[in-house]
Every structure is written in C-alpha cells, then in structure tokens.
Amino acid sequence: MDRIILHSDCNCFYASVEMLYHPELRNRPFAVGGDPRRRHGIILTKNQPAKDCGIKTGEALWQARRKCPDLAVLPPRFALYRKFSDRARQLYLQYTDMVEPFGLDEAWLDVTGSVSSPREGVRLADELRCRVHQELGITVSVGVSWNKVFAKLGSDYKKPNATTAFLRDNWKSRIWPLPVSNLLFVGRATQQKLLEYGVHTIGDLAAMPPKVLQARFGKSGPLLWSYANGLDTSPVERWGSRSAVKSIGNSTTTPRDLTCNTDVKVVFLVLADSVAHRLREQGFSARTVSISVRDTHLHTFTRQHTCPQYTNITREIAESAYQLFCSNYHWSLPVRSVGITVSDLLPAGQNIQTSLFRDEKKRMRAENLDATLDGLKKRYGNACVQPAVLLEDTQLSGTSSGSICALPPAAEKKN
C-alpha cells in the first residue's frame, strides 16, 4: 500500500496567534512585521482582510501601507509562536511518532501505520483540523498524498482551514495544470530558467526529458522531474531524530544601504564572527564559504568558495566572504542585505592535512585568540571586544553588539 502522508500548515500563523490576544483586530487589516527603523520592515504574515487589500508576505512595510494606509502592524513575538508550534506538534504526536517539522508553522506526518486507506487519511486530516481549531484557537490546512511533495502542495492548494487530497485517482488532472512555481523547491530563479524552456506548469515539467533538465540544472534537474511525476520517496523523519548539521549561517538586512567595499567588509566581519563562534561552540571546522547578496532592487545571487584548509577562524571566514564579494559584485546598485554560510563541516578532533605554504603557528595563535574572545564575550557581552574596523561606521558597527538581525532559528532548514 502507498504511504499516507499529511502536511499540516497553520494558516497565517503569526497573525492567527496574535488575533487570540488582539480580538479587536480580527476584522481589520493587520500584519506581523519587522522593525522599519532598522529596515527589517517586511511583512512576515498578514490576516485575510490585509490579504484582500493585496498585501503580500515578504514585501516592505512601506509598500504594504501604500496599498492599505490603515494597516495595523504588530512586532513579532517568536517565543509566543514557538509555544503554539510546540502545542500543535504535541497534538500531531498523538497520531504518529513520524512527525517532521518544516519551520515553525508546518509539519509532515506519516500516518501509514495509523489508518487503513487513503480515505481514512483524509478523515484523519479533517479530525486534525477540528482539534487544532478547538484546542489551540487557530486553523490549519492539511494536504494528503502518498509523498511529501504532493502533501505539501495539498496544504497550499486551498486555504484557510481546508483538507485537500491528491490521490492516485485524481492527481494528474489536479496537479499538472498548476503553475510550476507551486511545486516545492521551485523558487523564483528556477522558475525563470524553466520558463526559458517553455515550462509553465507542473505537467510541462513532468513531460520534459530528464537529461535536458540535468544539463540545465545539474543533479537537481532530474529531482524536480521526479517531484512533478509523483516519484518523491523521501521519508518523514521520526520525531526527535536529528540529522547531522550540514551548514551554519547568518544573514542580515543592514541598517542602511551598503555603497562600497568597506561597508561590506564591516558587515561581513560581524557575520563571520557570529558564524565562526557557532562553529567553535558546536565543535566544527568548515571548508566551504558561501555568500548571499541582495541589492536594492531585491535581486539576489549566491556564490561559494572552497578554502584550502578547514577553518573556524573568524578572520579567515570573513576574508573568504569578502574576496567572493569583490570578485562577483560590481556595484551597479547598492546592497540591501548580505549573508554568510559555511558548509562541508568537519568535527573537532579529526586529523587534517596541514599546508607547507601557510604559517600554521600563526593560524594556531588566531584560533587561540578567537577562543579567548569567545570566553570574554560570554562573560561580558558581545560588545566587550571589537575589531578597530568596526569603529569606521558607527551605524554599521552597532551590529556588533547584537543588533544585527539574524534569521530566527525556525527559518534555518536542514539541507
């Protein structure tokens, strides 16, 4: 028998939670967003009246207010949202121990062992929706299918508070006409490349020769083809199992636009300090450094570089990121946000090959210095010791004391 997989997605999660505490906003357009004073002013989620005004998740607050001058905006309360997320997951665990979170507000459930047929899976999904509404006061949409990709597609298909089943007898007629951008892992850049091949729908993608997709997208091409054809076999992880850490990163929308290499160098040093500290804290070194850069027109690109040696030294990571930036960005526009991610991780204590062409004693001194600074910052705060370069711009250097906006933990997905 096919697997029976549910995907539960809390509808307008942050806004739904806030409405429990602000019932006066229930029929008014409102959104949960960041701090516009530090330019983290984007819409994180919105309620239905705001959606009816054309407000979209991810757009800037000033753009949203242009569409809806009366929009009420509440600051996010992630600790509160985590409590509701935990309560929802504990409810899911009453049905199966195969529960895999996908961010704070979504989760897959493999209920194959709990029901006898796909139709029973649909009934269970309806029961789940009712219980979440009654016990938590919020609503969820649930997708039902035999694989994770189609279950996720089902939860997005109809909102709010709906169950959608993509089963063997209906999936082609319902899924293949949908825009290809609806498919999990087809982002804006991938969609644009697919459009160049005349791929507009999921059915178009399913009909493409896998070899053509591989030539254009590498190994991810055939993977997308398999998703479009319902061939996803990835398992739902058992609750509590933890995959090995694959990467560590940090990103920020800066307090002002970055207009020169010196600006970028300052911010990269702050980000590298955060990333390298987490590497050392978790007992890893890394060999691959990646950067993400977004300009003021919200165009984003990423680049990566493999270092000669594994490292968890702050300055080495910052220098690799800076060199990547200088080699790939030519200042046609100012920069709005940047990020650093390290991968190809190696646990501490494993033997590594040193180089004859690098000063290993100098590197050891740098490692010892970083470890000493970690201890000072833990005791006296992040701002107790700063590189002199951070004094060149007081607005940007303020990020070193913790005001830089890292992604919330739930936004980091496992690779």
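The values are calculated or read from the model by the stated rules, or taken from the named source; none is laboratory data. What you see is a predicted model; the values in this text were computed from it and never measured. Positions of Cβ are backbone-derived with ideal geometry, glycine not excepted, and every protein chain shown enters the neighbour counts. In case anyone asks, the SASA skips ligands and DNA or RNA and just uses the protein heavy atoms, side chains included. Shrake-Rupley method; radii C 1.70, N 1.55, O 1.52, S 1.80 Å.
Give the number of residues within segment 276-289 that are open to solvent by 20 Å² or more (accessible area, probe 1.4 Å) and of a type in the set (A, V, I, L, M).
Here the count works out to 0.
Right, Ser292: under 19 Å from the mean Cα position of the chain (by Cα) and not in a loop (DSSP other than H, G, I, E, B) or not?
Taking the combined requirement at face value, the residue satisfies it.
Residues Asp263, Asp273, Asp257: which one is among the acidic types (Asp, Glu) and surrounded by 21 or more Cβ atoms within 10 Å (Cβ to Cβ)?
Answer to the check: Asp273.
For segment 53-75, enumerate the residues that are in a loop (DSSP other than H, G, I, E, B), open to solvent by less than 40 Å² (accessible area, probe 1.4 Å) and touching a helix residue (DSSP H, G or I) at 6+ places or on another chain (Cβ under 7 Å).
Gly54, Ile55, Cys68, Leu71
Out of Arg131, Arg188, Arg174, I need the residue that is closer than 30 Å to Gln48 by Cβ, at pLDDT below 95, open to solvent by 10 Å² or more (accessible area, probe 1.4 Å) and not aliphatic (A, V, I, L, M). Which one?
From the options Arg131, Arg188, Arg174, the qualifying one is Arg188.
So Phe268 ticks every box in (1) surrounded by fewer than 19 Cβ atoms within 10 Å (Cβ to Cβ); (2) touching a helix residue (DSSP H, G or I) at 6+ places or on another chain (Cβ under 8 Å); (3) not in a strand (DSSP E or B) but one. Which box is left unticked?
Phe268 satisfies every listed condition except (1).
Which pairs have Cβ atoms under 6 Å, sit 6 or more apart or on different chains, and link a residue in segment 217-228 that is open to solvent by less than 40 Å² (accessible area, probe 1.4 Å) to one that is small (Gly, Ala, Ser)?
Ala228/Ala206
Considering only residues of segment 38-52 that are assigned to a helix (DSSP H, G or I) and touching a residue at least 40 places away in the same chain (Cβ under 8 Å), which is least open to solvent (accessible area, probe 1.4 Å)?
Selected residue: Arg38.
List the residue pairs whose Cβ atoms are under 9 Å apart, where the first residue sits in segment 316-330 and is among the acidic types (Asp, Glu), the second is assigned to a helix (DSSP H, G or I), and the two are 6 or more positions apart or on different chains.
Close Cβ pairs satisfying both conditions: Glu316/Ala272; Glu316/Ala276; Glu316/Arg363; Glu316/Ala366; Glu319/Phe268; Glu319/Ala272.
Among the candidates Leu231, Leu205, single out the residue that is farther than 20 Å from Ser8 by Cα, at pLDDT 95 or above and open to solvent by 60 Å² or more (accessible area, probe 1.4 Å).
So the residue among Leu231, Leu205 that is farther than 20 Å from Ser8 by Cα, at pLDDT 95 or above and open to solvent by 60 Å² or more (accessible area, probe 1.4 Å) is Leu231.
Which ones in segment 76-104 are closer than 21 Å to Gly41 by Cα, open to solvent by less than 80 Å² (accessible area, probe 1.4 Å) and not in a helix (DSSP H, G or I)?
Answer for segment 76-104, where residues must be closer than 21 Å to Gly41 by Cα, open to solvent by less than 80 Å² (accessible area, probe 1.4 Å) and not in a helix (DSSP H, G or I): Pro76, Gly103, Leu104.
Do any helices (runs of 4 or more DSSP H) lying entirely in segment 296-415 carry at least 2 residues that are open to solvent by 40 Å² or more (accessible area, probe 1.4 Å) and at pLDDT 75 or above, and which ones are they?
314-328, 360-380
Quick check on my filter: what residues within segment 139-152 are open to solvent by 10 Å² or more (accessible area, probe 1.4 Å) and either of a type in the set (Asp, Glu) or over 12 Å from Arg129 (Cα atoms) (or both)?
Passing the criteria: Trp146, Lys148, Lys152.
Taking Asn161 as meeting all but one of (1) surrounded by fewer than 16 Cβ atoms within 10 Å (Cβ to Cβ); (2) part of a helix (DSSP H, G or I); (3) touching a helix residue (DSSP H, G or I) at 6+ places or on another chain (Cβ under 7 Å), write down the number of the exception.
(2)
Answer yes or no as to whether Ser145 is of a type in the set (S, T, N, Q) and within 17 Å of Arg174 (Cβ to Cβ).
Yes: the conditions hold for Ser145.
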